[in-house]
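The values are calculated or read from the model by the stated rules, or taken from the named source; none is laboratory data. All of these numbers come straight from a predicted model, not from anything done at the bench. Note: ideal-geometry Cβ built from the backbone for every residue, glycine included; neighbour counts use all protein chains shown. Each accessible area value is taken on the protein alone, full model and side chains, heavy atoms only, with ligands, DNA and RNA left out. Shrake-Rupley method; radii C 1.70, N 1.55, O 1.52, S 1.80 Å.
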Amino acid sequence: QVQLVESGGGLVQAGGSLRLSCAASGNIFNINVMGWFRQAPGKPRDLVAATSTTGDTNYADSVKGRFTISMDNAKKTVYLQMSSLKPEDTAVYYCNAHLGIYGLDYWGKGTLVTVPS
């Protein structure tokens, strides 16, 4: 089992910055990828950014150049540094851990990011 706990959400003005954190615990040995997804009201959950245990990264086009994902393997924590925030970034952000060998995904409960217009 893997447990994920997000933190760092809040209300930030447009153009501001925020850093999200997600701490993983439990049986984390077989985690291949960790990432962030977000879901805005009335919309599906979409990938924001992901990083593999080998250092590869992937970003949604809408956040490229503004968001940076990173991982601290020692602390078993993944981060999402967000800058130049826009009202369109308003959503609940969910941490994800993928165990490729088993085809399993674990999810955090989400943290709300609000960027008023």
Query raised in the report: Which one of Asn58, Asn96, Asn27 has the biggest mean-square fluctuation once the chain is modelled by GNM with Cα springs under 10 Å?
Result: Asn27
Query - Heavy-atom SASA rank of Val5, Val78 (probe 1.4 Å, accessible area, largest first) - result: Val5, Val78
**Report entry** Residue pairs, from the table Lys86/Lys109; Lys43/Lys76; Lys43/Lys109, whose Cα atoms sit over 20 Å apart
**Finding:** Lys86/Lys109; Lys43/Lys76
Query raised in the report: Of all chymotrypsin sites (Phe, Trp or Tyr not before Pro) in segment 34-117, which ones are in loop regions per DSSP and have a Cβ with at most 15 other Cβ atoms within 10 Å?
Result: Tyr102
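At 1.4 Å probe size, with the rest of the protein present, what percent of the exposed accessible area of segment 37-85 is carbon and sulfur atoms?
Summing carbon and sulfur atoms, their accessible area is 47 percent of the total for segment 37-85.
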Query raised in the report: Mind listing the phi-derived Karplus ³J(HN,Hα) values for segment 38-54, rounded to whole Hz, using 6.51, -1.76 and 1.60 with θ = phi - 60°, and x for any glycine or proline?
Result: 9, 9, 8, x, x, 10, x, 7, 10, 5, 9, 7, 8, 9, 8, 5, 9
Report summary line: Taking a probe of 1.4 Å and leaving out DNA, RNA and ligands, the chain shows per residue an accessible area in Å² of 54
Query - Whole-number percent relative contact order across segment 38-85, with pairs defined as alpha carbons under 8 Å at least 6 apart - result: 24
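For segment 35-117, run through the trypsin sites (Lys or Arg not before Pro) and keep only the ones in DSSP coil with at most 11 other Cβ atoms within 10 Å of their Cβ.
Lys64, Lys75, Lys109
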